[in-house]
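These notes concern the structure reproduced below.
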Amino acid sequence: MKNKIFKFHFFLLILLIIHSLISKLIGYGLIQAIVFALKIILCASGFVYFFMSVKPFKKIAVYFMYYFITPIIALLGYVFGGVFLVGILGSILLFPIFPKQKAFEKNDIIVYHKFQGFLGACCSYEIYQRKFVVFEKHLENIKGEGEINFDNFLWKEK
């Protein structure tokens, strides 16, 4: 069982890394709901494997400690707040798993807030177009001076 979780975890990790590289290079990737679900499964398998590798402490346990520490720091940041826990540590630790926040969706065009950390600048967006039900194509990034009213926003495909 321990070996299966280990292999499954690293299979998901490699799959997500390859997905990230391909989506950056060619602009196509899975829809964000699928990617977020895979990230949650990756974190859960890492969390479970951390407890399986703690007793006979191994070097690999240091890697899996990330999956144990991240939810604890996120919980502490939520309970106690503060710039250091939420802003700095939260941005660093939660960046890989933080889901994209949908700002607008109409037909097959989806606009996401661009994640820039919890203390990041406002109003950067990423525009995607849904393709073939489970894929998205990255079209462009936009930065506004303030919040954009997407109901009146006209976007033309290049």
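The values are calculated or read from the model by the stated rules, or taken from the named source; none is laboratory data. A quick note: this is a predicted structure, and the numbers were derived from the prediction, not measured. Note that we place each Cβ from the backbone using ideal geometry, even for glycine, and neighbour counts take in every protein chain shown.
Pairing each residue of the range 9-37 that is under 17 Å from Phe98 (Cα atoms) with any residue that is of a type in the set (Lys, Arg), provided the two are 6+ apart or on different chains, yields C-beta distances under 9 Å for Leu12/Lys39; Leu16/Lys39; Gly29/Lys137; Ile31/Arg130; Gln32/Lys100; Gln32/Lys102; Val35/Lys100; Phe36/Lys100. Does Ala61 satisfy being small (Gly, Ala, Ser) and within 30 Å of Ile110 (Cα to Cα)? So Ala61 does not fit the description; no.
Among the numbered conditions (1) more than 25 Å from Leu139 (Cα to Cα); (2) buried (at least 16 other Cβ atoms within 10 Å of the Cβ), the only one that Phe10 does not meet is (2).
Which helices (runs of 4 or more DSSP H) sit wholly inside the range 30-106 and have at least 3 residues that are modelled with pLDDT under 80 and either surrounded by 13 or more Cβ atoms within 10 Å (Cβ to Cβ) or not hydroxyl-bearing (Ser, Thr, Tyr) (or both)? Break it down stepwise before answering.
On the way: elements: 32-54, 60-80, 90-94.
It comes to 60-80, 90-94.
Taking the range 107-122 as the search range and keeping residues that are surrounded by 15 or more Cβ atoms within 10 Å (Cβ to Cβ), under 25 Å from Gly77 (Cβ atoms) and in contact with a strand residue (DSSP E or B) (Cβ under 9 Å, 6 or more places away or on another chain), which one is modelled with the lowest pLDDT? Steps first, answer last, please.
Within the range 107-122, the first condition is being surrounded by 15 or more Cβ atoms within 10 Å (Cβ to Cβ), and the residues that meet it are 109-115, 118.
Now drop any that are not under 25 Å from Gly77 (Cβ atoms), which leaves 112-115, 118.
If we keep only those that are in contact with a strand residue (DSSP E or B) (Cβ under 9 Å, 6 or more places away or on another chain) too, we end up with 112-115.
Details: Tyr112: 88, His113: 83, Lys114: 82, Phe115: 74.
This residue is Phe115.
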